[in-house]
Amino acid sequence: MPQRDTVHWYAGPTTFYRAPARKPEEVGEGQVGVLGVPLDSWTLGRNGQRYAPRAIREASLYLAGYYGLQTEPVGYVEVNTGNVSTVPDEPRLFDCGDVRLHQGDHELQTRAIADPVAAITANGGFPVVLGGDHFVPYPSILGFIEGLRRRKPDAKVGFLNLDGHFDLWDEFKDMGRYNHGTFARRISELPEVGRMVWWGLNGTHIAQPDQIELCRDKGYAAYTVRSIRERGIQETMREALEIASEGADAVYVTFDIDVTDGAFAPGTHSIVVDGLTSGEVLAALAVLPEFETVQAFDVCELIPQYDVGGGRTARYAAHAILSVIGGRVLDSEPRFSEADLGAIFR
């Protein structure tokens with residue numbers, strides 16, 4: 001199996017965590033399909049998000065070997081629980097490659113992203129989308145809704161955005177209605193979408209009055225960095241997911257790298273100077289597997305050429321994804337007792 005090949009991290013096929021390649025429509029029930037969207041046509045400012053899917057995949061190769069998930073089923077120990085996670089004999093993680101690009105046509109590009117996400121979802125798979133700029137969640141959630149509704153025609157979806165910004169503009173500067181600053185407004189207009197929640201808004205964020213009115217009138221919720229730190233990382237994330245799950249058959253989660261302070265994740269579009277630490281965000285993402293309603297995830301706005309420290313932000317993204325899907329794609333067994341761990345870790 002490709003993820004068990006004995007090969008150095010800098011050699012061999014570049015699939016996410018050495019996962020086997022599979023077409024989106026071949027991803028089945030209980031499996032995870034990773035889809036790359038190397039797109040940065042609908043962003044104002046720094047570009048280069050098109051290189052992110054490849055950078056995240058390459059970062060994951062080192063981690064696959066580091067965690068013992070590549071050459072032998074040695075696995076790794078979760079020191080908080082004593083459980084050991086290993087790659088199963090029959091893989092549940094697959095790399096579906098990259099979407100077809102139509103850089104100048106947002107309608108064609110929307111379908112090119114939505115269709116494979118719909119195919120993964122319709123078969124009971126869990127789509128993980130590697131962006132790309134933050135326009136990507138709009139077509140991705142369209143596909144997610146289509147896939148869910150093939151299984152349940154009246155399905156409703158909740159939405160959670162880990163982000164330093166609202167992205168609720170109706171029209172953004174000179175870029176019209178479809179771009180990385182308007183995607184959340186377009187999602188709010190979808191009749192299948194129920195509660196929307198933002199987590200990680202930073203203190204320097206600017207919101208227009210109509211955006212606040214929209215959130216108030218529709219019963220949306222938002223958590224700022226200050227409220228998160230005052231009330232607790234995991235406490236606020238659980239509350240956010242509970243709100244997003246209200247009345248929903250499934251929740252779509254998008255993770256914009258810029259929810260993280262630029263000191264910890266410099267390789268992104270918007271450098272946030274009062275954001276959360278990478279450790280705080282990873283602690284929050286660890287809550288997602290507690291909610292069965294969470295059935296889709298994306299990572300957006302990574303720009304590798306602005307990264308420093310040997311690909312720090314790309315590796316952070318690969319870590320983040322594994323923290324969300326690890327329980328789905330890895331086998332886990334209890335091996336070390338609380339006493340065993342207590343004898344070592346202080």
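The values are calculated or read from the model by the stated rules, or taken from the named source; none is laboratory data. Model, not experiment: these values are computed from the prediction. Cβ: placed from backbone, ideal geometry, glycine included. Neighbour counts: every protein chain shown. Just so you know, the surface numbers come from the protein's heavy atoms only, side chains and all, with ligands and any DNA or RNA stripped out. Shrake-Rupley method; radii C 1.70, N 1.55, O 1.52, S 1.80 Å.
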* Structure fact -> A student applying the Cα gyration tensor rule (rounded when a/c is under 1.5; otherwise prolate if a/b is larger than b/c, oblate if not) would label segment 83-241 oblate
* **Residue-normalised accessible area of segment 212-346, expressed per residue, 1.4 Å probe, Å²** => 44 Å²
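With the Cα gyration tensor of segment 66-135 giving a ≥ b ≥ c as the square roots of its eigenvalues, does the rule (a/c under 1.5 for rounded; else a/b larger than b/c for prolate; else oblate) give rounded, prolate or oblate?
Verdict is prolate for segment 66-135.
Restricting to DSSP H runs of at least four residues, report the calculated mean residue ellipticity at 222 nm for the chain, -39500 (n - 2.57) per run over all residues, nearest 500 deg cm²/dmol.
Calculated from helices alone, the mean residue ellipticity at 222 nm is -10000 deg cm²/dmol.
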* To do: Would you mind working out the magnitude of the charge dipole of the chain relative to its Cα centre, with +1 at each Lys and Arg C-beta and -1 at each Asp and Glu C-beta, to the nearest 20 Debye?
  => 360 debye
* To do: Whole number in Å², please: accessible area per residue of segment 76-200, 1.4 Å probe, ligands, DNA and RNA not counted.
  => 35 Å²
* Per-selection metrics, the chain (Cα): Rg and Dmax in Å -> 19.1, 61
* **Tally of Lys pairs whose C-alpha atoms are under 30 Å apart, taken over the chain, 8 or more apart or cross-chain** => 5
* Find the centroid of the Cα atoms in segment 212-226 and in segment 238-259, then give the distance between the two in whole Å. => 13 Å
* Asked: Which of the listed residues, 80, 52, 124, is farthest toward the dipole's positive end in segment 40-127, when Lys, Arg count +1 and Asp, Glu count -1 at the beta-carbon?
  -> 52
* To do: Would you kindly derive the ³J(HN,Hα) couplings of segment 111-116 from the backbone phi angles with the Karplus curve 6.51 cos²θ - 1.76 cosθ + 1.60 (θ = phi - 60°), listing them in order in whole Hz, with x for Gly and Pro?
  => 5, 5, 8, 5, 4, x
* Considering only DSSP states other than H, G, I, E and B, which GluC sites (Glu not before Pro) in segment 273-346 qualify as loop sites with at most 12 other Cβ atoms within 10 Å? -> 292
* Asked: Given a 1.4 Å probe and every protein chain left where it sits, what share in percent of the accessible area of the chain is carbon and sulfur?
  -> 51 percent
* To do: Quick one: grab the alpha carbon gyration tensor of segment 190-277, order the square roots of its eigenvalues as a ≥ b ≥ c, and give me rounded if a/c is under 1.5, else prolate or oblate depending on whether a/b is larger than b/c.
  => prolate
* Compute the separation of the alpha-carbon centres of segment 32-81 and segment 107-148 and state it in Å as a whole number. => 18 Å
* Structure fact -> The set of residues whose placed amide H lies less than 5 Å from the amide H of residue 275, leaving out same-chain residues fewer than 5 positions away, is 261, 262
* **Nearest-0.05 FRET efficiency for residue 283 and residue 89, computed from C-beta distance (R0 41 Å)** => 0.85
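Near residue 101, within a Cβ-to-Cβ distance under 11 Å, what is the net charge of the other residues, with Lys and Arg +1 and Asp and Glu -1?
-1
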* Label zone at residue 47 (point 7 Å along Cα-to-Cβ), backbone N below 15 Å, segment 121-135 -> 132-135
* So if R0 is 25 Å, what FRET efficiency would residue 78 and residue 290 give, r being the distance between their Cβ atoms, rounded to the nearest 0.05? -> 0.95
* Most positive-pole-ward Cα, 164, 68, 106, against dipole of segment 44-192 from beta carbon charges -> 106
* Structure fact -> quick note, the chain, DSSP beta bridge pairs, % antiparallel (nearest 5) is 20 percent
* **Cβ-based net charge around residue 275, under 12 Å, with every Lys or Arg adding one and every Asp or Glu removing one** => -4
* Asked: So what is the orientation-averaged projected area of segment 220-346, using the convex hull of its C-alpha atoms, in nm²?
  -> 10.0 nm²
